[in-house]
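Here is the structure we will look at.
The values are calculated or read from the model by the stated rules, or taken from the named source; none is laboratory data. Keep in mind the model is a prediction, meaning the values are calculated, not measured. Here Cβ is always computed from backbone atoms with ideal geometry, including for glycine, and neighbour counts include all displayed protein chains.
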Protein chains: 4
Amino acid sequence: MIIVMKPEATNQDIDRIVGILKELNLSAHLSKGETTTIIGLIGDKSRLAGHNLEIMPGVDKLVPITESYKLANKKFHPAHSEVKVGDLTVGGGNFVIMSGPCAVESGEQLMAAAEAVKAGGAQVLRGGAYKPRTSPYSFQGLEEEGLRYMANAREKYGLKIVCEVTSESAVKSAVRYVDILQIGARNMQNYELLKVVGRTKLPVLLKRGLAATIDEWLNAAEYILSEGNPHVILCERGIRTFETATRHTLDISAIPVIKAKSHLPVIADPSHGTGVRAYVTPMAKAAAAAGADGLMIEVHPTPETAMSDGPQSLSPEEFLRLMEELRPLLRLMGKHI
Amino acid sequence: MIIVMKPEATNQDIDRIVGILKELNLSAHLSKGETTTIIGLIGDKSRLAGHNLEIMPGVDKLVPITESYKLANKKFHPAHSEVKVGDLTVGGGNFVIMSGPCAVESGEQLMAAAEAVKAGGAQVLRGGAYKPRTSPYSFQGLEEEGLRYMANAREKYGLKIVCEVTSESAVKSAVRYVDILQIGARNMQNYELLKVVGRTKLPVLLKRGLAATIDEWLNAAEYILSEGNPHVILCERGIRTFETATRHTLDISAIPVIKAKSHLPVIADPSHGTGVRAYVTPMAKAAAAAGADGLMIEVHPTPETAMSDGPQSLSPEEFLRLMEELRPLLRLMGKHI
Amino acid sequence: MIIVMKPEATNQDIDRIVGILKELNLSAHLSKGETTTIIGLIGDKSRLAGHNLEIMPGVDKLVPITESYKLANKKFHPAHSEVKVGDLTVGGGNFVIMSGPCAVESGEQLMAAAEAVKAGGAQVLRGGAYKPRTSPYSFQGLEEEGLRYMANAREKYGLKIVCEVTSESAVKSAVRYVDILQIGARNMQNYELLKVVGRTKLPVLLKRGLAATIDEWLNAAEYILSEGNPHVILCERGIRTFETATRHTLDISAIPVIKAKSHLPVIADPSHGTGVRAYVTPMAKAAAAAGADGLMIEVHPTPETAMSDGPQSLSPEEFLRLMEELRPLLRLMGKHI
Amino acid sequence: MIIVMKPEATNQDIDRIVGILKELNLSAHLSKGETTTIIGLIGDKSRLAGHNLEIMPGVDKLVPITESYKLANKKFHPAHSEVKVGDLTVGGGNFVIMSGPCAVESGEQLMAAAEAVKAGGAQVLRGGAYKPRTSPYSFQGLEEEGLRYMANAREKYGLKIVCEVTSESAVKSAVRYVDILQIGARNMQNYELLKVVGRTKLPVLLKRGLAATIDEWLNAAEYILSEGNPHVILCERGIRTFETATRHTLDISAIPVIKAKSHLPVIADPSHGTGVRAYVTPMAKAAAAAGADGLMIEVHPTPETAMSDGPQSLSPEEFLRLMEELRPLLRLMGKHI
């Protein structure tokens, strides 16, 4: 941490800060420039809790030097992590495809979707049983009934299953059925929920919030990791920008940034990221080319009658074509499905 | 709802759409332009659930005409609502000041804050017992102990109290203590939590999400209203933009927009909105001048040692000065505290 | 400037940096923490031009400590500046109203507008002769003919006049007619144009770019100031955010931020900032309450037939009402028109 | 265009609108819903200039149906365009690499860069002679001297050359030297400059503005096209968002969106888009995989001493490696260099 003093700061102002740091057993390095004095603070920053130096007399601003997340930080864990989902590995050369409908609508719909995604080569079936929807008048999900359909589809097709959880009680139900718990974008900063999934030992797919910086996203991961659950997979799914031609702006550059700052695997969701079926395939390829460890793709047996997110869902045929076009690109990237 | 067809749409494409609408008992008005045909859809749009017309052949895009929120919509409830908090009225000429520390830290700290905000003229004491913090290593709140301190301060100073709730179990505790339940920005789209507070009949202060459009914010209010709880107060607290000189960008224009689109009262929080103590007073005045129904202001007995948000908290003296400067402005605006 | 080294940086990496700094006659202060070494750099940073330390081996990042703008910086010019426009002073307790139509459409239209704004108490007439429009098929302005109509209106009503300039040749024409040259939001980073208006000695109204940080805005002002023209008035006119209920988001907090970081006067333009007539008056009041030195308000004799920006233009009656409501608020703020 | 009336609009309000449309020889289609009447307007919308229907009594809002750009619109020019730069074709299966230093610094530096980019397979040499820089104290470019060095390098290495122009006088010099005129992001809405380059018949590389929607970008292209210059190449180079881990957010999804909405070729600039050397290669691949027609990549013989943008410039070795990794990906995409 660097403390930058104002040009008009007095020696007394500087001494007051240095005194506080000493009291807290933190060392202070002073550098006096022509107009500005800066104080470098060395030691355990957490001792500063309850001391708001930035509002002390003479202080211009504090400049943090190190990230507040530790367990998710590549600086302290240089090797890339792999997350095991039963016999499936996410990361480390394995490319994972999580596909299926936005919402579980019925047993038949889900089985048809599961058949289609299995045929395309997906390893994980996605399907929402608890649906966070912008309007209270939209379909809200089948809840536990939906989880049962998911479990049936896993049985029949040998797929892993991932479901979003939106409350502590949803987690309680979901842990009895699913292989991966998903935290959706709207709940990325629902810290109580993060702690709850951190206390399960199930793999967690943590989507980036619409307005979350990468730093905040890794701090959200830190909530899960610091509860003792190291099995976190990150998922970029679009951020909110001024552009309206796409539903969100899929931040493909988040993939190399995560690879530089964290050891956790990261996948991308071009379906939610663009909101438009025609853009899903090019953006899926872009994510793979940028180094993603996998993709989440919405597939619906009949997109035109989907209860949720139909316009961004691929039909089974479109999904097969995407997978065919993706395979040689993955080989080129040294990844295998 | 308007359905805009592509220039190359065939008569068959158009007939297919019209056929679906007829089947659903919706009327269709066709307008054929030189290059584009549009179909106006009249009737209950909710019948379209499970029909994704935008991906039917020949369709360019759907253009919604009416808002999806109804109970929060001024079009259907032209008179401004007032929210009763015991003998205190929010809205309708009454200007409400909700003040106090970001986090409840101890009984002494809270009592000192309560005394200060009472002296300044605040009617409501704020104080966080459940703290959503970006880093898991930051102070997370005193939970129920904090609620008890809040209740004690209410008793002693005759203030109403407002506390943020971050989970269903926090709501269960909070309803036994508080006058107003607060939904924070990070939970604005935590729909499960919105339903839970909607089922209590307590007044709810609903903060705008960092990346939430006003339309999404009013849809979040609709979740609470549609559960049968009409006592919703909105709170603008800054949106995320590219600007870094302030912590967020307090969207003052949201105040007149809410007044035009909804009947619900709306207050502003310049403390979180700016994140900088020096900007709180000018922005508090700006919000009042723009027509806000109240303010939320962070006040701490000793900001320099606050456990949370010290840099944006006013000292008791600064709060008194703000209130003094605010009073003549409120009189000018026809508002009374 | 602070140079933050990576945890794995070697002594050799550190020595290499220190060596470069010494060669450039810059002093280096080392602070070695548990995981990270930081190097404080003292002296004239401009000597670093052509040395990109952030990509040297072992360097994590550079952290700038001081702003790159100097002449616009309050740190070096603590007193607030006033800008003289003939016998009119902007700043220092004088509140300036610049009003008139978005575009000059005809001599009659402009005279009617000038009469209306004079009646309301404006000191400056605005009117666009060179119009930057999103579509090439929209009205592009009357150019020099428009400037002549502006000069006539000044003559008749004793108003100062301000016109936007969009190219070097427009500046050449405009300097013969106008009292204030306006740089529009779209040209805030058209540095060639900034240098050209910097070489005139006319007052310049510099609007903030749609995506410009306050730091970039002050650097744009620095372009004008560093050419020897100190007469710069800043104008906040809305930034681009994800919100679509308003055309832009008028960043009211930019006003106190500018007051903290710069000595230049700053006004606000709620007409462009909101794009909606009904929001102009509340936002004009908000800007005044936040400490602005003036307002730019679009007024058109008949908004419903305006060639440009009609929907956000006030009618003469609306403008009179705004001015009536504004006067007591300005008195409260210690400002006079 | 659709005119949406307010719920409380009277028959008289509706008749007034219909009357105006009839006077202007535009047909009106009325659709009366339960709460809302909408009026579909058919015919040449430009006749509405000077009639601001959205502020007429009873009108809620206007909803545009067709885009304002025509010549750039794929709806009216369904086949993808190719742009000829001498014997080089941009678009239509040809993948173009434009590489070189951010700024031309000297004859030696540029020749070394030209040799490196030629060796890697680039067809076009980039190099800035007129540099728009945030601070007036940064290096501003060698101007015409820089253009001459560019022309020398073209001669020696058989490369085409592209240079940014920032003013009308820069265009006058540049047309005598360069093969492609570049409009930078900061000047995308400098409409006077767009008209000037539109009147040359040289190919124009039009970068997207930092805060420009895709619709505004295509309208900027329309300025050039409507002056009679059809040789426009678009370049996505990052938009401004709240994320600070990258300098900008390279909007890869703009590539498929442009392919859907326009016939113009589009390339991407991952150097400016990310601002970080380590992210250039993954983002270059992502752009290619998403269907871009080319790339602009900054290459400097010695990035650590570059006068401008060193931290995002590749060294010659890094560029060679990028090109090697890119070639098999381009083959997969059916593109050839």
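The residues in segment C:169-185 that are surrounded by fewer than 22 Cβ atoms within 10 Å (Cβ to Cβ) and within 19 Å of C:Gln123 (Cβ to Cβ) can be counted, and the count is 2. With respect to the numbered conditions (1) within 26 Å of A:Ala245 (Cβ to Cβ); (2) surrounded by 14 or more Cβ atoms within 10 Å (Cβ to Cβ); (3) at pLDDT 85 or above, which one is the sole condition not fulfilled by B:Met1? Checking B:Met1 against (1) within 26 Å of A:Ala245 (Cβ to Cβ); (2) surrounded by 14 or more Cβ atoms within 10 Å (Cβ to Cβ); (3) at pLDDT 85 or above, the one that fails is (3).
Could you tell me which residue of segment D:186-207 is surrounded by the fewest Cβ atoms within 10 Å (Cβ to Cβ), considering only residues that are outside any helix (DSSP H, G or I) and not hydrophobic (A, V, I, L, M, F, W, C)?
The selected residue is D:Lys201.
Considering segment A:233-272, the residues that are facing another protein chain (nearest Cβ under 9 Å) and among the acidic types (Asp, Glu) include one that is farthest from C:Thr241 (Cα to Cα), namely A:Asp251.
For first residues located in segment A:157-184 and part of a strand (DSSP E or B), partners that are modelled with pLDDT of 95 or more and hydroxyl-bearing (Ser, Thr, Tyr) and lie 6+ apart or on another chain with Cβ distances below 9 Å form the pairs A:Ile161/A:Tyr177; A:Cys163/A:Tyr177; A:Leu181/A:Thr200.
Among the residues of segment B:166-180, is any in the same structural domain as B:Gly294 (by TED's automatic domain parsing) and within 27 Å of A:Ile214 (Cα to Cα)? Yes, that holds for at least one residue. Would you check if D:Pro270 is closer than 27 Å to A:Ala278 by Cα, out of contact with any helix residue (DSSP H, G or I) (no Cβ under 6 Å at 6 or more places or on another chain) and crowded, with 24+ Cβ neighbours inside 10 Å? The answer is no for D:Pro270.
Condition check ((1) of a type outside the set (Lys, Arg); (2) on the phi > 0 side of the Ramachandran plot; (3) at pLDDT below 95) across all residues:
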| residue | (1), (2), (3) |
| --- | --- |
| D:Val59 | yes, no, yes |
| D:Phe76 | yes, no, yes |
| D:Ile97 | yes, no, no |
| D:Glu115 | yes, no, no |
| D:Arg126 | no, no, no |
| D:Tyr149 | yes, no, no |
| D:Tyr157 | yes, no, no |
| D:Cys163 | yes, no, no |
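Among the residues making up segment C:116-139, those that are in contact with a Phe, Trp or Tyr (Cβ under 8 Å, 6 or more places away or on another chain) and more than 20 Å from C:Met98 (Cα to Cα) are C:Arg133, C:Ser135, C:Pro136. Step by step: first the residues of segment B:10-23, then only those that are over 20 Å from D:Glu34 (Cα atoms) and surrounded by 19 or more Cβ atoms within 10 Å (Cβ to Cβ), then the one that is farthest from the other protein chains (Cβ to nearest Cβ). Which residue is that? My answer is B:Ile14. So, of the residues in segment A:226-275 that are among the hydroxyl-bearing types (Ser, Thr, Tyr) and without any contact (Cβ under 8 Å) to a residue 40 or more places away in the chain, which turns out to be nearest to D:Asp251 (Cα to Cα)? For segment A:226-275, the residue satisfying everything is A:Thr249. Just checking, does segment D:299-309 include any residue being assigned by TED's automatic domain parsing to the domain that holds D:Pro132, buried (at least 21 other Cβ atoms within 10 Å of the Cβ) and at pLDDT 95 or above? Yes: segment D:299-309 contains one or more residues that are assigned by TED's automatic domain parsing to the domain that holds D:Pro132, buried (at least 21 other Cβ atoms within 10 Å of the Cβ) and at pLDDT 95 or above. In segment A:27-37, the condition of being under 21 Å from C:Ile38 (Cβ atoms), within 13 Å of chain B (Cβ to nearest Cβ), surrounded by fewer than 18 Cβ atoms within 10 Å (Cβ to Cβ) and in contact with a strand residue (DSSP E or B) (Cβ under 6 Å, 6 or more places away or on another chain) is met by no residue.
For segment B:35-60, the set of residues classified as of a type in the set (Val, Ile, Thr) and over 32 Å from the mean Cα position of the chain (by Cα) consists of B:Thr35, B:Thr36, B:Thr37, B:Ile38, B:Ile39, B:Ile55, B:Val59, listed by residue number. In this structure, is C:Ala103 over 30 Å from C:Pro270 (Cβ atoms) and under 37 Å from the mean Cα position of the chain (by Cα)? Judged against the criteria, C:Ala103 is not a match.
Picking from residues in segment C:74-118 that are more than 21 Å from C:Asp309 (Cβ to Cβ) and among the hydrophobic types (A, V, I, L, M, F, W, C), the one that is surrounded by the fewest Cβ atoms within 10 Å (Cβ to Cβ) is C:Ala79.
Does segment D:280-292 contain at least one residue that is in contact with a His (Cβ under 8 Å, 6 or more places away or on another chain), at negative phi and surrounded by 20 or more Cβ atoms within 10 Å (Cβ to Cβ)? There is no residue in segment D:280-292 that is in contact with a His (Cβ under 8 Å, 6 or more places away or on another chain), at negative phi and surrounded by 20 or more Cβ atoms within 10 Å (Cβ to Cβ).
What residue, among those in segment A:310-319 that are outside any loop (DSSP other than H, G, I, E, B) and crowded, with 17+ Cβ neighbours inside 10 Å, is nearest to the other protein chains (Cβ to nearest Cβ)? Walk me through how you get there before you give the answer.
As a first pass, look at segment A:310-319 and keep what is outside any loop (DSSP other than H, G, I, E, B): A:310-312, A:314, A:316-319.
Among the residues that remain, those that are also crowded, with 17+ Cβ neighbours inside 10 Å are: A:310-312, A:314, A:316, A:318-319.
On the way: A:Gly310: 3, A:Pro311: 5, A:Gln312: 9, A:Leu314: 11, A:Pro316: 15, A:Glu318: 11, A:Phe319: 15 Å.
Selected residue: A:Gly310.
Taking segment A:47-58 as the range and being more than 10 Å from chain B (Cβ to nearest Cβ) and of a type outside the set (D, E, K, R) as the test, the residues that pass are A:Leu48, A:Gly58.
Kindly indicate whether A:Glu324 is without any contact (Cβ under 8 Å) to a residue 40 or more places away in the chain, assigned to a helix (DSSP H, G or I) and within 13 Å of chain B (Cβ to nearest Cβ).
no
For A:Asp215, the conditions (1) over 23 Å from A:Val83 (Cα atoms); (2) out of contact with any helix residue (DSSP H, G or I) (no Cβ under 7 Å at 6 or more places or on another chain) all hold with the exception of (1). The single condition among (1) closer than 22 Å to B:Glu164 by Cα; (2) more than 9 Å from every other protein chain (Cβ to nearest Cβ) that B:Arg331 does not meet is (1). Cβ-Cβ contacts under 6 Å between residues 6 or more apart (or on different chains), taken from a first residue in segment A:276-296 that is facing another protein chain (nearest Cβ under 7 Å) to a second residue that is buried (at least 24 other Cβ atoms within 10 Å of the Cβ) and basic (Lys, Arg), are listed as A:Ala289/D:Lys285.
Checking C:Ser68, C:Ser81 one by one, the residue that is of a type in the set (Gly, Ala, Ser), in contact with a helix residue (DSSP H, G or I) (Cβ under 8 Å, 6 or more places away or on another chain) and within 30 Å of C:Asp293 (Cα to Cα) is C:Ser68 and no other. Of the residues making up segment B:37-56, at least one is in contact (Cβ under 8 Å) with a residue 40 or more places away in the chain, assigned to a loop (DSSP other than H, G, I, E, B), under 24 Å from A:Ser308 (Cα atoms) and in contact with a helix residue (DSSP H, G or I) (Cβ under 8 Å, 6 or more places away or on another chain).
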